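The next block holds one structure in the form of structure tokens; read it before the comments.
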Amino acid sequence: MIHHSMTQFAAAGLKIDWTRMPTYNTIMSVAAGAGLLLVVALGYRLLSPGGEVSFEGWALAFAALGFTLVTTGLHMTLTWPLAGQGFPFDNVIFGEPALAFGVFLLAACFYLWKRGAELLGDDRVVRTARVAGPISVFVFGMGLACFGIAAAGWNYTLFAAPPEEPISGEFAKWPMLEASFMSGLYVLVGIGALLFPFALRRPRGWMTPVIGVVWAIAGIAFLLFGGLNYFTHIGLIVNTM
């Protein structure tokens with residue numbers, strides 16, 4: 001979840017005052033991708049008959065990812081705009097979803113650390129669905145938000161990288177390409193979030209595998225894209241100082 005729409009400055013040669021443009025949605029992308037993959041993996045283990053789960057390990061993983069997303073997402077959400085040179089929509093596009101997902105992960109961490117042993121019984125699927133029921137309303141709401149972000153990305157051609165950014169900048173002439181890629185990832189996350197509360201009613205129904213697939217694809221993409229952008233963002237900083 002990385003790029004800003006800075007192509008309007010490209011013609012004049014993009015120069016950025018990085019003291020007024022804090023950029024750390026690289027780590028947010030990596031953490032979000034890892035979080036989606038771990039949620040899918042834990043769900044698979046819980047649904048697998050007789051599968052053993054070490055909840056302490058999952059709680060520690062969710063704590064690390066949740067802390068990363070809450071701290072960065074909260075700062076981006078409350079600092080308006082975070083980027084002093086503009087792009088206040090980044091606060092909404094990146095900060096708020098990261099904050100929400102981080103809170104979800106920390107809540108799961110707290111429960112698994114304190115009460116995870118209760119999910120080791122034969123009724124763990126039913127018990128998990130019952131525990132996750134109330135928070136699923138918030139998950140559903142954030143699913144709607146993901147669709148709104150995706151629609152904005154397509155409508156306003158957001159996410160396009162400037163020519164000064166390595167690799168991604170090679171596609172600056174086709175801004176809709178990256179806009180479609182990033183918006184598509186938000187759509188995948190949104191589909192899973194919208195189905196989530198309904199899947200809890202029948203955890204072994206058809207909706208659960210769909211959620212697993214769309215979140216796994218989005219998780220892999222966010223993880224790899226975030227890792228790649230450690231290079232592309234460093235290159236962008238070097239090229240625009």
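Quick notes on this one:
- Among the candidates Ile135, Ile167, Ile149, residue that is touching a residue at least 12 places away in the same chain (Cβ under 8 Å), β-branched (Val, Ile, Thr), more than 20 Å from Gly35 (Cβ to Cβ) and in contact with a Phe, Trp or Tyr (Cβ under 9 Å, 6 or more places away or on another chain): Ile167
- Checked against the criteria, Pro209 does not count as surrounded by fewer than 21 Cβ atoms within 10 Å (Cβ to Cβ) and outside any helix (DSSP H, G or I).
- Scanning segment 227-241 turns up at least one residue that is within 20 Å of Glu164 (Cα to Cα), under 14 Å from the mean Cα position of the chain (by Cα) and surrounded by fewer than 22 Cβ atoms within 10 Å (Cβ to Cβ).
- Residue check: Ala151 meets all listed conditions (1) in contact with a helix residue (DSSP H, G or I) (Cβ under 7 Å, 6 or more places away or on another chain); (2) surrounded by fewer than 17 Cβ atoms within 10 Å (Cβ to Cβ) but one, namely (1).
- Considering residues of segment 55-76 that are of a type in the set (Gly, Ala, Ser) and within 16 Å of the chain's Cα centre (by Cα) only, the residue farthest from Ala98 (Cα to Cα): Ala61
- Among residues of segment 77-100, those that are among the hydrophobic types (A, V, I, L, M, F, W, C) and over 14 Å from the mean Cα position of the chain (by Cα), counted: 6
- Checking the stated criteria, Phe104 turns out to be surrounded by 16 or more Cβ atoms within 10 Å (Cβ to Cβ) and touching a residue at least 12 places away in the same chain (Cβ under 8 Å).
- Matching residues in segment 179-203 - criterion: being farther than 22 Å from Phe138 by Cα and in contact with a Leu (Cβ under 9 Å, 6 or more places away or on another chain): Ala179, Met182
Per-residue answers, yes or no, for (1) modelled with pLDDT of 95 or more; (2) β-branched (Val, Ile, Thr); (3) in a loop (DSSP other than H, G, I, E, B):
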residue: Ala152; (1), (2), (3): yes, no, no
residue: Thr157; (1), (2), (3): no, yes, yes
residue: Ala161; (1), (2), (3): no, no, yes
residue: Glu164; (1), (2), (3): no, no, yes
residue: Glu170; (1), (2), (3): no, no, no
residue: Ala179; (1), (2), (3): no, no, no
residue: Gly184; (1), (2), (3): yes, no, no
residue: Gly190; (1), (2), (3): yes, no, no
residue: Leu194; (1), (2), (3): yes, no, no
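- Enumeration of residues in segment 71-101 that are aromatic (Phe, Trp, Tyr) and surrounded by fewer than 21 Cβ atoms within 10 Å (Cβ to Cβ): Trp80, Phe87, Phe89
- Checking each residue in segment 23-48 for being buried (at least 23 other Cβ atoms within 10 Å of the Cβ) and within 17 Å of Ala107 (Cα to Cα) picks out Ala31, Ala32, Gly35, Leu36, Val39.
The values are calculated or read from the model by the stated rules, or taken from the named source; none is laboratory data. Since the model is a prediction, treat every value here as computed from it, not as a measurement. Note that we place each Cβ from the backbone using ideal geometry, even for glycine, and neighbour counts take in every protein chain shown.
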